[in-house]
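**Student:** After the structure tokens below, expect a handful of questions from me.
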Amino acid sequence: MAHLRCDFFSDVLGLSTSMTVLLPQRTTTQIGMPGAGGDGPPPVLYLLHGLSDDDTIWLRRTSIERYAAPLGLTVVMPQVHRSFYADQVYGGRYWTFLSEELPALVGEFFRVSAQREDTFVAGLSMGGYGAFRWALRQPERFAAAASLSGALDVAARRRPRPEDPRLFERVFGDEEVAGSRHDLHALLRGVESAALPALYLCCGTEDVLLGENEAFRDACAAAAVPLHAEFSPGAHDWAYWDARIQDVLAWLPLRARP
């Protein structure tokens, strides 16, 4: 695969930012890692980072390049800081950046498929929330969405954090999150299940976020929304996510390519 760190200017954010990108490359002599590709534009996975991370973290903490190489899959990992993938009340418009500007720039910069059947999103922790929020608000964009150990109940997270005591004030201001456009449970109740992409959820049974992942599974069942849910031993750490991202890639409904 080709690995790029792409530094660019975002008009939406009004600043220079970055994304890490893996592009498929067909190879025949590379030892230890096959490279796949097709004649047409490749499918694309938007892979989102967690609260304390950045766009490089999936490449640094997992073998995502090695896992994606034989699939012929482009992987786009954007930088969104501690934004919860939202248009912050006191900060950048990261939801608009993610959902509007980023896909347009990816299509402009790189040769990737623009078809819904070839477009996927996944993320861990805060990124799991971001992936599901994006899929629920723009279901026409994705064939599948996956959350790994997602922070799926943002309303329950509104408490001061020692390292960033005004985080949620900065992101959401005085807005009541429960029942709003930021609330995944409210979004579930307001969408037609038949219009949704395939959804995948996993969480470790020793994870501090286990309860809200189980609650989201139950909310999907109550709303008659199909969900593939996996709960297995594991904590909120990279050993778990490195293993589970392989399961996510195997689950993605990738189309056969010529």
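**Student:** Can you give the longest run of the chain that contains no GluC sites (Glu not before Pro) sitting in a DSSP loop with at most 15 other Cβ atoms inside 10 Å?
**Tutor:** 1-162
**Student:** Over segment 1-82, what is the mean sequence separation of C-alpha contacts under 8 Å (at least six apart), divided by residue count, expressed as relative contact order in percent?
**Tutor:** Reported as a whole number, the value is 34 percent.
**Student:** Starting from the Cα gyration tensor of segment 168-258, take the square roots of the eigenvalues, sort them a ≥ b ≥ c, and report rounded, prolate or oblate (rounded when a/c is under 1.5, otherwise prolate if a/b is larger than b/c, else oblate).
**Tutor:** oblate
**Student:** What is the diffusion coefficient of segment 1-139 in µm²/s, taking the Kirkwood radius over Cα pairs and the Stokes-Einstein relation at 25 °C with a viscosity of 0.890 mPa s?
**Tutor:** 160 µm²/s
**Student:** Convert each backbone phi in segment 58-69 into a coupling constant with the Karplus relation 6.51 cos²θ - 1.76 cosθ + 1.60 (shift: θ = phi - 60°), then list the ³J(HN,Hα) values in order as whole Hz, x for Gly and Pro.
**Tutor:** Ordered by residue, 3J(HN,Hα) equals 4, 6, 7, 9, 10, 9, 4, 4, 5, 6, 7, 3 Hz.
**Student:** Right, something else. Using DSSP to call loops (not H, G, I, E or B), can you name the chymotrypsin sites (Phe, Trp or Tyr not before Pro) in segment 36-121 whose Cβ has at most 13 other Cβ atoms within 10 angstrom?
**Tutor:** Y90
**Student:** In addition: Could you give the size of the charge dipole of segment 2-251 about its Cα centre, using +1 on the Cβ of each K and R and -1 on the Cβ of each D and E, expressed in debye and rounded to the nearest 20?
**Tutor:** So the dipole magnitude of segment 2-251 works out to roughly 220 debye.
**Student:** Please report the antiparallel percentage of DSSP beta bridges with both residues in the chain, rounded to the nearest 5.
**Tutor:** Percentage antiparallel, nearest 5: 40.
**Student:** Expressed as a whole number of Å, what is the distance separating the alpha-carbon centroids of segment 171-246 and segment 44-115?
**Tutor:** 19 Å
**Student:** Select from Q25, G107, A146 the residue farthest towards the positive end of the dipole of the chain; place +1 on Cβ of Lys and Arg, -1 on Cβ of Asp and Glu, and compute about the Cα centre.
**Tutor:** Q25
**Student:** Which value in deg cm²/dmol, rounded to the nearest 500, describes the helix-derived mean residue ellipticity at 222 nm for the chain, given -39,500 (n - 2.57) per DSSP H run of n ≥ 4 and division by the residue count?
**Tutor:** That calculation yields -7500 deg cm²/dmol at 222 nm.
**Student:** Another one. Pick out which of S125, S99, S232 has the largest mean-square fluctuation in a Gaussian network model of the chain, springs linking Cα atoms closer than 10 Å.
**Tutor:** S232
**Student:** Taking amide H atoms as placed 1.01 Å from N in the peptide plane, list the residues 5 or more away in sequence, or in a different chain, whose amide H sits under 5 Å from that of A144.
**Tutor:** Counting only residues 5 or more places away or on other chains, the set is V121, A198.
**Student:** Let me ask something additional. Amide H of H236 versus every other amide H placed in the peptide plane: which residues, excluding those fewer than 5 positions away on the same chain, fall under 5 Å?
**Tutor:** Amide H to amide H, under 5 Å and 5 or more residues apart or across chains, H236 pairs with V208.
**Student:** Right, here's the next one. Could you line up I31, I245 from fewest to most neighbouring Cβ atoms inside 10 Å?
**Tutor:** So the residues, fewest neighbours to most, are I31, I245.
**Student:** Springs between alpha-carbon pairs under 10 angstrom, Gaussian network model over the chain: which of A69, A223, A122 fluctuates most?
**Tutor:** Top of the fluctuation ranking is A223.
**Student:** Counting other beta carbons within 10 Å of each residue's own, what order do H236, H3 fall into, fewest first?
**Tutor:** With the fewest neighbours first, H236, H3 line up as H3, H236.
**Student:** For the chain, modelled as a Gaussian network with Cα springs under 10 Å, which listed residue fluctuates most, L23, L167, L45?
**Tutor:** It is L167.
**Student:** Could you work out the relative contact order of the chain? I mean the mean sequence separation of Cα pairs under 8 Å and 6+ apart, divided by the number of residues, in percent.
**Tutor:** 17 percent
Laboratory data are not the source of any read-out in this text; all were calculated from the coordinates shown. No experiment lies behind these values; they were computed from the predicted model shown. Methodologically, a virtual Cβ is constructed for each residue, glycine included, from the backbone with ideal geometry; neighbour enumeration extends over all protein chains shown.
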